[in-house]
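K.L.:
The structure's right below; bear with me while I get my questions together.
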Amino acid sequence: MATIKHTSSKNSDLSAPERYLTFQHNEYTGLPVLDESGQPKLRESYLLDTLECGGQTFAMACLMANRKYGKNCHPEDVKTHQYIISFDPRDAVDNGLTLEKAQALGLASCKENFPGHPAIICAHPDGHNGAGNIHVHIVISSLRTRAIERQPYMEKPCDWQEGCKHRCTAAMLRHLRAETMELYQNAGLYQIDLLNGTGERITEREYWAQRRGQRRLDHANQKAAASGQPVRQTKYETEKAALRRQIRSVLAKATSLDEFIDQLLHEYGVTVTESRGRFSYRTANRTKPITSRKMGDDFSKEKVLAVLSENAEKKKTASLRRSDPNPDRVSRLIDIQAKLAAGKGGGYERWAKIFNLKQMAKSMALLSEHGLSSETELKARVAEWAGKSDEALKVVKDLEGRIASNWELARHVSAYVENRKLAGQAKTARSLEQFREQHRAELTAYQVAAAYFKAQKITKLPSLKQLETERQQLVSEKAQFYQQYREAKKVWLDLSAVQQNLEAFFRQEERREIREGGLHDTDIAH
């Protein structure tokens, strides 16, 4: 699930970003890691490209832009912006994500969202946490070196004019989240809905507090182990992380709001209060509560009440179905006789028999999980999930078409509004031909937009802000249906594999019975 994060820098050393991206740095102090000779050590693996730098280094391109436009001269001026796109660690195994593919996606994102800015794009194979999450750094100069086409999410002329500074507004961040979701869903990667909040809201400050605390705990445990003392805690938790864990443990078993509040207070000493329709949580050692907004969307009043209602419903129905969040993928059975006929040996035959037994065990477990007891039920369930997968995919394709139509309309509205004044001036120009020649591109864009509105029978232009809001809503809906499609497709493929395994098993049994019958007849004849 790709996520995007933004930071800005006032550092006057414009070569610092490239040094950080290419050399190893201590993740706690930020200082470079030195080798035996005292020189900075290069990172073991990375990919780096630059854009809009005119054949120069990123630092030189930024410096020349600053001098050309006379900006970024003061220490308090923002010199660069950095956007970090992190991928789900599962993408490498499940979806074939490589460092090269991540770099290509980062380049595409930079070209689309930051035109006119000198930029450096660098992909790294892992993050600070060692989870194997490939990520891409996009560092841009705060100055725009050329005018660009106005986009629907841009609010002021400084957002597209030459010589102006990049503004990371709320509208810009929402646009980037929507673009990130679109880009990586189209690439077939895991993606969550970035537009409607996150289950856990972990800030940069909390992340590094956890990292520093874990480092101190590891150091203390090493000293305790060396002196023969027992180690009681191995994982460090911040106050918010511990509070999230405590709330989730109670939320997993409570079925009403009163039960949730009472259990949280009696088990962990956490008091729940409500103000302006929002929950806040106060631990025993705090005087000021922590609001649910700082904890994450999973701890809001709406989400807590929804989970409690779901728990109550589950308790009423007392379902016997098993829930395995990570079921083993079922593989098709191996045709052992065909493999032996193709030249495989006895060792392969023994391995294949064990493999087939494991797959049949998984198949039976999956049938039990879905409550299926006959081939007819299995066939109907396979058709059902195939239909669900197709329906979800149709909705995704429809939403993609609506998103494309929204983009096209927004582009024409932007061109029409931006060039309407020039079109009016053309009517009163002294030399019409000369005026048209000077503004040929702008007037053509205006005429194309007007023709588009006429063809679509649009008499009242929607606002760009309205179109952007609509597009973000469509992108959010697409993310939900795309996730439904992936889940339905997975169930369909698993059940299809079970169906094929049962058919193969019965075929093997029939062949075995025929062989044994043939041998028995031969023995009688002799």
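The values are calculated or read from the model by the stated rules, or taken from the named source; none is laboratory data. Small disclaimer: the values here were computed from a predicted structure and weren't measured. When we count neighbours, we look across all protein chains shown, and the Cβ atoms used for this are built from the backbone with ideal geometry, even at glycine. For accessibility, only protein heavy atoms count, side chains too; no ligands or nucleic acids. Shrake-Rupley method; radii C 1.70, N 1.55, O 1.52, S 1.80 Å.
K.L.:
Here's a check for you: in segment 280-314, which residue that is among the hydroxyl-bearing types (Ser, Thr, Tyr) and part of a helix (DSSP H, G or I) is nearest to Arg205 (Cα to Cα)?
P.N.:
Ser292
K.L.:
Can you report the number of residues in segment 2-29 which are basic (Lys, Arg) and either modelled with pLDDT of 90 or more or not in a strand (DSSP E or B) (or both)?
P.N.:
Within segment 2-29, residues that are basic (Lys, Arg) and either modelled with pLDDT of 90 or more or not in a strand (DSSP E or B) (or both) number 2.
K.L.:
Separate question: Name the residues in segment 1-44 that are β-branched (Val, Ile, Thr) and over 30 Å from Lys165 (Cβ atoms), would you?
P.N.:
Thr29, Val33
K.L.:
Filter segment 208-239 down to residues that are in contact (Cβ under 8 Å) with a residue 40 or more places away in the chain and touching a Ser or Thr at 6+ places or on another chain (Cβ under 9 Å), then give me how many there are.
P.N.:
1
K.L.:
Restrict the check to segment 247-264 and report whether at least one residue is at positive phi and outside any helix (DSSP H, G or I).
P.N.:
Among the residues of segment 247-264, not one is at positive phi and outside any helix (DSSP H, G or I), which makes the answer no.
K.L.:
Could you tell me how many of the residues in segment 143-176 are assigned to a loop (DSSP other than H, G, I, E, B) and under 26 Å from the mean Cα position of the chain (by Cα)?
P.N.:
So the count comes out to 8.
K.L.:
Would you mind telling me which numbered condition in (1) surrounded by fewer than 17 Cβ atoms within 10 Å (Cβ to Cβ); (2) under 23 Å from Phe481 (Cβ atoms); (3) touching a residue at least 24 places away in the same chain (Cβ under 8 Å) Asn186 fails?
P.N.:
(3)
K.L.:
Only residues that are loosely packed, with under 12 Cβ neighbours inside 10 Å and assigned to a helix (DSSP H, G or I): list them for segment 354-379, please.
P.N.:
Ile354, Leu357, Thr376
K.L.:
Let me ask you something else. If only one of Leu42, Leu48 is free of Cβ contacts under 8 Å to residues at least 40 places away in the same chain and in contact with a helix residue (DSSP H, G or I) (Cβ under 7 Å, 6 or more places away or on another chain), which one is it?
P.N.:
Just a single option satisfies the conditions, and that option is Leu42.
K.L.:
Anything in segment 36-65 that is in a loop (DSSP other than H, G, I, E, B) and open to solvent by 70 Å² or more (accessible area, probe 1.4 Å)? List them, or say none.
P.N.:
Matches in segment 36-65: Glu36, Ser37, Gln39, Lys41, Glu44, Tyr46, Glu52, Gly54, Gly55, Gln56, Thr57.
K.L.:
Also, quick follow-up: Among the candidates Glu487, Glu468, single out the residue that is within 20 Å of Tyr184 (Cα to Cα), open to solvent by less than 20 Å² (accessible area, probe 1.4 Å) and at pLDDT 85 or above.
P.N.:
One residue alone meets the criteria, Glu468.
K.L.:
A further question on this structure: Check Ala104, Ala92 and return the single one that is hydrophobic (A, V, I, L, M, F, W, C), under 16 Å from Ala123 (Cβ atoms) and without any contact (Cβ under 8 Å) to a residue 40 or more places away in the chain.
P.N.:
Exactly one of Ala104, Ala92 is hydrophobic (A, V, I, L, M, F, W, C), under 16 Å from Ala123 (Cβ atoms) and without any contact (Cβ under 8 Å) to a residue 40 or more places away in the chain, namely Ala104.
K.L.:
Related question: Scan segment 22-35 for residues that are among the hydroxyl-bearing types (Ser, Thr, Tyr) and open to solvent by less than 50 Å² (accessible area, probe 1.4 Å) and report the count.
P.N.:
1
K.L.:
Separate question: Considering every residue within segment 114-125, establish whether at least one is part of a helix (DSSP H, G or I), over 23 Å from Ala209 (Cα atoms), open to solvent by 40 Å² or more (accessible area, probe 1.4 Å) and touching a residue at least 12 places away in the same chain (Cβ under 8 Å).
P.N.:
Looking for residues that are part of a helix (DSSP H, G or I), over 23 Å from Ala209 (Cα atoms), open to solvent by 40 Å² or more (accessible area, probe 1.4 Å) and touching a residue at least 12 places away in the same chain (Cβ under 8 Å), one finds none in segment 114-125, hence no.
K.L.:
Given Ala445, Ala423, Ala441, Ala383, which one is under 30 Å from Leu173 (Cβ atoms), part of a helix (DSSP H, G or I) and among the small types (Gly, Ala, Ser)?
P.N.:
Sole residue among the options that is under 30 Å from Leu173 (Cβ atoms), part of a helix (DSSP H, G or I) and among the small types (Gly, Ala, Ser): Ala445.
K.L.:
Select from segment 255-281 the residues that are over 16 Å from Glu302 (Cβ atoms), surrounded by 14 or more Cβ atoms within 10 Å (Cβ to Cβ) and not β-branched (Val, Ile, Thr) and list them in ascending order.
P.N.:
Glu259, Asp262, Gln263, Leu264, Leu265, Tyr268
K.L.:
Among (1) among the charged types (D, E, K, R); (2) open to solvent by 80 Å² or more (accessible area, probe 1.4 Å); (3) touching a helix residue (DSSP H, G or I) at 6+ places or on another chain (Cβ under 8 Å); (4) modelled with pLDDT of 80 or more, which single condition is Arg329 missing?
P.N.:
Failed condition: (4).
K.L.:
Okay, moving on. State which residue is farthest from Ala338 (Cα to Cα) when the search covers only segment 457-514 and only residues that are in contact (Cβ under 8 Å) with a residue 40 or more places away in the chain and of a type in the set (Phe, Trp, Tyr).
P.N.:
The selected residue is Phe481.
K.L.:
Okay, moving on. Name the pairs: first residue in segment 412-431 and farther than 19 Å from Tyr452 by Cα, second residue part of a helix (DSSP H, G or I) and of a type in the set (D, E, K, R), Cβ to Cβ under 9 Å, at least 6 apart or on different chains?
P.N.:
Ala426/Arg436; Ala429/Arg436
K.L.:
Of all residues being assigned to a loop (DSSP other than H, G, I, E, B) and within 26 Å of the chain's Cα centre (by Cα) in segment 200-235, which is surrounded by the fewest Cβ atoms within 10 Å (Cβ to Cβ)? Just the residue, please.
P.N.:
Selected residue: Thr203.
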